[in-house]
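These notes are about the structure you will find just below.
The values are calculated or read from the model by the stated rules, or taken from the named source; none is laboratory data. Because the structure is predicted, anything quoted here is derived from the model rather than measured. Positions of Cβ are backbone-derived with ideal geometry, glycine not excepted, and every protein chain shown enters the neighbour counts. Only protein heavy atoms, including side chains, enter the accessible area calculation; ligands, DNA and RNA are left aside. Shrake-Rupley method; radii C 1.70, N 1.55, O 1.52, S 1.80 Å.
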Amino acid sequence: MASDGVITHRNVDVNGVRLHVAEAGPAGAPVVLLLHGFPELWYTWRHQMPALAAAGYRAVAPDMRGYGDSDAPSGGPDQYTALHVVGDLVALIDSLGQKQVFVVAHDWGALIAWSLCLFRPDRVKALVALSVAFNPRNPAVKPVDGFRTLYGDDYYVCRFQEPGAVEAEFRSLGTELVLRKFFAYRTPGPLFIPKSGWGSPDDEVPLPSWITEEDIKYYTTQFDKSGFTGGLNYYRAFNKTWDLTSPWTRAGIKVPTKFIVGDLDLTYNTAGAQDFINKGGFKKFVPSLDGVVIMKDVGHFINEEKPKEINAHIISFIKKFN
């Protein structure tokens, strides 16, 4: 592992799976564990890792279970519950020789980070969550069922549920076009993938300014190799995780936390989200919340779109706990 901000790579065996891990920063420094979402990879943190290394931290960014060069368990969606993935992370933290780490997480990575903080708060010094706020378990409604009631069967979370169906559609469109469609999405509202089709393979989708042709080529190469099923299985395990986490109903997060979201992010514009985040509900369940940052005219992929600002927020926050 390089101490000068150069990113190195290795594989680590944890919890029955082999994870590909990217690292930067000095070996003895405090660890910042970086957790990506969908459809992402360790690479989503390419701007954060050198900045964290330069600030004196050891940045550790795995390809999560099912993604990139990490193993994708073949036992179906039940192998992708929050308990499985948190198990991977606890074992990874152990393998790093750490009792506690800082965690920075985006999208599904944030959902998993909230679960890590819920199940094992002893392992997390502080959390920076991007895009996805803590959502306390609702004992009355399973999450996918709730989304279906709100938005219908064409809502992306609901469309992802049937194994193989959306994968076939993505194959017909082509990996690069699918990724372009996700990365370019900036509508402050729900994402729909109609059963009638998500466009044509001939669609032209310009890249947003924050992602280069080289970036999209790397993402495309990796998803061409791994497919999308591993990442989609997190959505397919959503209700299974709900089934398994009834002991944590109405439980809150005790880890010190900073939350950052773009005002154009589809998650921030989900029904009820803004009221929950801004009117006391979020703070009630996350009493150690150290502020909410709403970034203006910023979309979902916030750490890639505004890397300098996000780097500054991360470093200024975690330095409080050194």
Somewhere in region 192-208, is a residue touching a residue at least 60 places away in the same chain (Cβ under 8 Å) and over 30 Å from Ile93 (Cα atoms)?
-> yes
Which residues, counting only those in region 74-87, are touching a residue at least 12 places away in the same chain (Cβ under 8 Å), outside any helix (DSSP H, G or I) and surrounded by fewer than 18 Cβ atoms within 10 Å (Cβ to Cβ)?
-> Gly76
Out of (1) out of contact with any strand residue (DSSP E or B) (no Cβ under 7 Å at 6 or more places or on another chain); (2) surrounded by 14 or more Cβ atoms within 10 Å (Cβ to Cβ), what's the single condition that is false for Pro201?
-> (2)
Just give me the residues in region 270-284 being basic (Lys, Arg) and either within 22 Å of the chain's Cα centre (by Cα) or open to solvent by less than 60 Å² (accessible area, probe 1.4 Å) (or both), in sequence order.
-> Lys283
Please determine, by comparing only the residues of region 193-223 that are hydroxyl-bearing (Ser, Thr, Tyr) and in a loop (DSSP other than H, G, I, E, B), which one is farthest from Tyr67 (Cα to Cα).
-> Ser196
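Results for (1) among the acidic types (Asp, Glu); (2) in contact with a helix residue (DSSP H, G or I) (Cβ under 7 Å, 6 or more places away or on another chain); (3) farther than 23 Å from Trp114 by Cα, shown as yes or no for each residue.
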{"position": "Pro143", "(1), (2), (3)": "no, yes, no"}
{"position": "Tyr156", "(1), (2), (3)": "no, no, no"}
{"position": "Gly174", "(1), (2), (3)": "no, no, yes"}
{"position": "Tyr185", "(1), (2), (3)": "no, no, yes"}
{"position": "Ile211", "(1), (2), (3)": "no, yes, yes"}
{"position": "Gly227", "(1), (2), (3)": "no, yes, yes"}
{"position": "Arg236", "(1), (2), (3)": "no, yes, no"}
{"position": "Leu244", "(1), (2), (3)": "no, yes, no"}
{"position": "Thr249", "(1), (2), (3)": "no, no, no"}
Which ones in region 136-162 are touching a Leu at 6+ places or on another chain (Cβ under 8 Å) and open to solvent by 20 Å² or more (accessible area, probe 1.4 Å)?
-> Tyr156
Scan Met64, Met49 and give me the residue that is in contact with a strand residue (DSSP E or B) (Cβ under 8 Å, 6 or more places away or on another chain), within 19 Å of Glu214 (Cβ to Cβ) and of a type in the set (A, V, I, L, M, F, W, C).
-> Met49
In region 99-127, anything over 9 Å from Leu35 (Cα atoms) and either at pLDDT below 95 or of a type in the set (A, V, I, L, M) (or both) is listed as Val101, Leu111, Leu116, Leu118, Val124, Ala126, Leu127
Scan region 237-262 residue by residue and report those that are in contact with a strand residue (DSSP E or B) (Cβ under 6 Å, 6 or more places away or on another chain) and among the aromatic types (Phe, Trp, Tyr).
-> Phe259
Is it fair to say Ala91 is within 18 Å of Leu130 (Cα to Cα), out of contact with any Ser or Thr (no Cβ under 7 Å at 6 or more places or on another chain) and at pLDDT 95 or above?
-> no
Reported set for region 204-228 where residues are open to solvent by 60 Å² or more (accessible area, probe 1.4 Å) and either of a type in the set (S, T, N, Q) or in contact with a Pro (Cβ under 9 Å, 6 or more places away or on another chain) (or both) is Ser209, Thr212, Thr221
Can you name the strands (runs of 3 or more DSSP E) wholly within region 1-73 that have at least 1 residues being surrounded by fewer than 18 Cβ atoms within 10 Å (Cβ to Cβ) and modelled with pLDDT of 95 or more?
-> 8-14, 17-24
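Residue-wise test of (1) in contact with a strand residue (DSSP E or B) (Cβ under 8 Å, 6 or more places away or on another chain); (2) not in a helix (DSSP H, G or I).
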| site | (1), (2) |
| --- | --- |
| Gly109 | yes, no |
| Ile112 | yes, no |
| Ser115 | no, no |
| Ala126 | yes, yes |
| Ala129 | yes, yes |
| Pro139 | no, yes |
| Asp145 | no, no |
